[in-house]
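Every read-out reported here was derived from the displayed coordinates using simple, explicitly stated rules and does not represent laboratory data. Just so it is clear, the structure is predicted and the values come from calculations on it, not from any experiment. For neighbour counting, all protein chains shown are included, and Cβ atoms are generated from backbone atoms with ideal geometry for every residue, glycine included.
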Amino acid sequence: MARAIEYSPEEKRIINTLYIAHKPLTTKNISERAEMAWKTAKKYLVQLYGKGIVDYGRSANLSIGGLRT
């Protein structure tokens, strides 16, 4: 039986931010919209990527995250 993935409050804020945006956002945009520090947003984006929830990469020196479909 599969276990449910648990999310921290910060992870939930990032997921909600990306869901509302309906498009990938830079780490800076995510941090501003989720009202958290850039470093915090990056930390939790990397964790969500590890959980398979978001796609996360770099493009033109920007960190970009978006929900996986």
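Odds and ends about this structure:
- For the chain, the longest site-free run once GluC sites (Glu not before Pro) in DSSP loop states with at most 14 other Cβ atoms within 10 Å are removed: 36-69
- Surrounding net charge for residue 17, when Lys and Arg each add one and Asp and Glu each subtract one, Cβ distance under 14 Å: +2
- Listed from fewest to most Cβ neighbours within 10 Å, the set 31, 8 follows the order 8, 31.
- For region 9-67, radius of gyration divided by Kirkwood radius, i.e. Rg to Rh on alpha-carbons: 0.90
- Per-residue Cβ neighbour rank within 10 angstrom, fewest leading, 19, 44, 56: 19, 56, 44
- Sorting 25, 67, 45 from the fewest to the most surrounding beta carbons within 10 angstrom yields 67, 25, 45.
- Proximal aspartates and glutamates to residue 39, defined as alpha-carbon separation beneath 19 angstrom and excluding residues fewer than eight positions away on the same chain: 10, 11, 55
- A cut-off under 11 angstrom between Cβ atoms defines the neighbours of residue 44, and their net charge, with Lys, Arg +1 and Asp, Glu -1, is +4.
- Degrees, to the nearest 10: 38-50 long Cα axis against longest axis of the chain: 40
- Assigned charges on the beta-carbon of Lys, Arg, Asp, Glu; region 9-67 dipole about Cα centre (debye): 100
- Expected 222 nm ellipticity per residue - DSSP helices of 4 or more, -39500 (n - 2.57), all of the chain, to 500: -14500 deg cm²/dmol
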